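For reference, the structure is listed below as structure tokens.
The values are calculated or read from the model by the stated rules, or taken from the named source; none is laboratory data. In this text, all values refer to a predicted model and were calculated from it rather than measured experimentally. Here the Cβ positions follow ideal geometry from the backbone for every residue, glycine too, while neighbour counts run over all protein chains shown. Heads up: the accessible areas ignore ligands, DNA and RNA and are worked out on the full protein's heavy atoms, side chains in. Shrake-Rupley method; radii C 1.70, N 1.55, O 1.52, S 1.80 Å.
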Amino acid sequence: MTVRKTWVVVTAVAGVGLAFTSALVVGVYMVAGNLANGVGGGSVGLAKGAVPAAYQTLVQKWGNLCGAINPALLAAQLYQESGFNPNAKSPAAAEGIAQFIPGTWATHGIDGNGDGKRDVWDPNDAIPSAASYDCKLASYVKDAPGNLTENMLAAYNAGAYAVIKYGGVPPYKETQNYVKTITTLAKSFARPVSRVDPSQQAAAAIYYAQKKLGTPYLWGGNGTADQGGRFDCSGLTKAAYESVGVTLPRVANDQYNAGPHPARAELLPGDLVFFSDDLTNSRAIRHVGIYVGGGYMIDAPRTGAVIRFDPIDTPDYFGATRVTEDGAKALPTTV
């Protein structure tokens with residue numbers, strides 16, 4: 001959605017688009033078939049830049065406080081609660097980066113940095129307190145059947161008594177959704193330890209974007225009729241995946257959290273690729289495109305330009321996301 005450096009592809013695009021896309025569709029699904037039995041796991045390490053640099057050390061340290069949590073899970077909670085905003089305040093009076101309500105903070109807030117104060121607005125206290133609170137909840141439900149992490153998250157949402165009463169995650173739709181949301185979102189903050197599974201929707205998303213080649217850029221454009229069918233960068237990626245039933249957030253830096261993050265050497269067609277002037281902070285991402293292979297993406301680059309092929313290997317390349325349907329559904333809508 002934001003302007004970035006441009007580079008004109010000196011390759012004839014007209015006349016080869018459909019052939020290119022057809023080959024791409026076949027290629028994506030061949031890769032999908034070859035990797036269908038692969039492992040797409042994560043680790044307790046954090047994905048590059050997924051957590052703002054100012055908080056990364058805190059999240060990595062305190063995310064290992066007990067066995068029920070890990071840094072990626074703690075990061076997912078902070079993102080879900082506040083979008084890493086230390087000044088966030090909700091209508092329900094929840095405060096700070098971890099969104100503690102005053103009563104919970106009074107009981108569970110800790111002095112994380114040892115300065116003699118417990119300050120809900122200070123991430124140096126609030127992030128350790130969030131981890132400590134998670135671990136306290138885990139200790140309450142440690143004897144309940146089922147997965148300890150899921151039970152801890154259920155206790156966070158519904159209370160420890162409900163988890164103990166029902167012998168695990170209680171049959172409350174809100175609580176079940178919360179558990180799924182955080183565990184899914186954690187995958188987008190974890191550093192993958194093996195190749196992540198390909199997206200089955202990737203080829204069709206690329207096909208949609210390819211049909212928009214040559215369309216003029218429009219800041220804030222969503223491709224609607226009243227906008228002349230024009231897009232900005234994240235409007236294009238959102239529409240491309242929406243065409244295959246996957247709803248992404250509107251802005252690029254939130255789209256980054258829609259799935260796990262393949263390394264540059266592991267990119268597949270359909271991955272979203274991101275660009276930023278701050279390579280340590282995903283919240284600073286300002287441009288996104290759809291990778292098509294061979295080091296190129298389709299993107300809507302800037303005012304005065306058209307949707308086109310551009311190279312991805314530029315100094316502002318931040319990283320990539322392999323969009324998953326569950327990953328997109330897990331993203332909060334208010335960060």
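Would you mind classifying the chain by shape? Square roots of the alpha carbon gyration tensor eigenvalues, ordered a ≥ b ≥ c; an a/c under 1.5 is rounded, otherwise it is prolate if a/b is larger than b/c and oblate if not. Judged from the Cα gyration tensor, the chain comes out prolate (a/c at least 1.5, a/b above b/c). Axis angle, to the nearest 10 degrees, between helix 202-211 and the longest C-alpha principal axis of the chain: 50 degrees.
Think of it this way: in the chain, Cys233 stand alone, with no other Cys Cβ under 4.7 Å. Can you tell me how segment 264-309 classifies by the Cα gyration tensor, rounded, prolate or oblate, using a/c under 1.5 as the rounded cut? Judged from the Cα gyration tensor, segment 264-309 comes out oblate (a/c at least 1.5, b/c at or above a/b). Put the Cα centre of segment 94-113 next to the Cα centre of segment 260-292 and the gap is 34 Å. Over all other residues within a Cβ to Cβ distance under 11 Å of His261, the charged ones net out to +3, with Lys and Arg as +1 and Asp and Glu as -1. On the accessible surface of the chain, probed at 1.4 Å, how many percent belong to carbon and sulfur atoms? The computed percentage sits at 55.
For Tyr208, the shell of other residues with beta-carbons less than 13 Å away shows a net charge of +2, using +1 for Lys and Arg and -1 for Asp and Glu. For the chain, the per residue solvent-accessible surface stands at 43 Å², with DNA, RNA and ligands left out and a 1.4 Å probe. Just to confirm a number: summing +1 for Lys and Arg and -1 for Asp and Glu over residues other than Val292 whose beta-carbon lies under 12 angstrom from that of Val292, what do you get? It works out to a net charge of -2.
The order of Trp121, Trp105, Trp219 by accessible area, most exposed first and with a 1.4 Å probe, is Trp219, Trp121, Trp105.
When the surface is traced with a 1.4 Å probe over the full set of protein chains, Ile164 keeps roughly 100 Å² accessible.
Once you have a ≥ b ≥ c as the square roots of the Cα gyration tensor eigenvalues for segment 208-335, tell me rounded if a/c is under 1.5, and otherwise prolate or oblate according to whether a/b is larger than b/c. Cα axes put segment 208-335 in the rounded bin.
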